[in-house]
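Student: Take this structure, written in structure tokens, and hold onto it; I'll ask about it next.
The values are calculated or read from the model by the stated rules, or taken from the named source; none is laboratory data. Just so it is clear, the model here is predicted, and its values are computed rather than measured. FYI the Cβ positions are ideal-geometry reconstructions off the backbone, even for glycines, and counts take in every protein chain you see. We work out accessible area using only protein heavy atoms, side chains counted, and drop any ligands, DNA or RNA first. Shrake-Rupley method; radii C 1.70, N 1.55, O 1.52, S 1.80 Å.
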Amino acid sequence: MALLKRTYALPQQTLEEFERTTVPGKRSALVAALLREWVERQQREQLRKEVIEGCREMADVYLEIEREYHPLEEEVERALNDQPQPRRRGARGT
């Protein structure tokens with residue numbers, strides 16, 4: 001992995017606290033991990049928004065498919081309900 005050096009302006013108090021609580025040899029790794037986590041969270045949020053938007057755009061299509069197949073589902077349900085119930089084993093009439 002190529003390492004790049006950048007310069008960013010940060011609030012003094014935040015930077016002082018960061019440097020006080022993080023060992024010098026681990027600071028870059030921690031900043032890299034935090035940035036990676038933030039980037040991944042941003043990507044997940046963007047994907048979430050795109051999925052929601054896609055679902056909204058497809059809502060009419062899903063509704064049309066439901067209208068098309070719902071009568072068939074009802075027909076199957078009626079056919080299954082009209083079938084005689086299997087007799088229990090061992091049950092005998094008098």
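Student: Would you please name the trypsin sites (Lys or Arg not before Pro) within the range 30-94 that are DSSP coil residues with at most 10 other C-beta atoms within 10 Å of their C-beta?
Tutor: Answer by residue number: Arg87, Arg88, Arg89, Arg92.
Student: Nearest 500 deg cm²/dmol is fine: what mean residue ellipticity at 222 nm does the chain get from its DSSP H runs of n ≥ 4 alone, each adding -39,500 (n - 2.57), divided by its residue count?
Tutor: -25500 deg cm²/dmol
Student: Can you pull the Rg over Rh of the chain, Cα-only, Kirkwood?
Tutor: Here Rg/Rh amounts to 1.50.
Student: Just to confirm the number: angle between the C-alpha axis of helix 27-82 and the first principal axis of the chain, 0 to 90 degrees, nearest 10?
Tutor: Relative to the chain, helix 27-82 is tipped by roughly 10 degrees.
Student: Please list Thr7, Thr22 in order of solvent-accessible area, largest first, computed with a 1.4 Å probe with all protein chains present.
Tutor: Thr7, Thr22
Student: A further question on this structure: About the Cα centre, and with charges only on the beta carbon of Lys, Arg (+1) and Asp, Glu (-1), how big is the dipole of the chain? Nearest 20 debye, please.
Tutor: 880 debye
Student: Here's another thing I want to ask about it. Please list, in order along the range 7-16, the HN-Hα scalar couplings obtained from phi with the Karplus expression 6.51 cos²θ - 1.76 cosθ + 1.60 (θ = phi - 60°), rounded to whole Hz, x for Gly and Pro.
Tutor: Here the 3J(HN,Hα) series is 10, 10, 8, 10, x, 4, 4, 5, 5, 4 Hz.
Student: Using a 1.4 angstrom probe and counting only protein chains, how large is the accessible area of Val61 in Å², to 10?
Tutor: Here the residue's solvent-accessible area equals roughly 70 Å².
Student: Per residue, how much accessible area does the chain have with a 1.4 Å probe, in Å²?
Tutor: Per residue, the chain has an accessible area of 104 Å².
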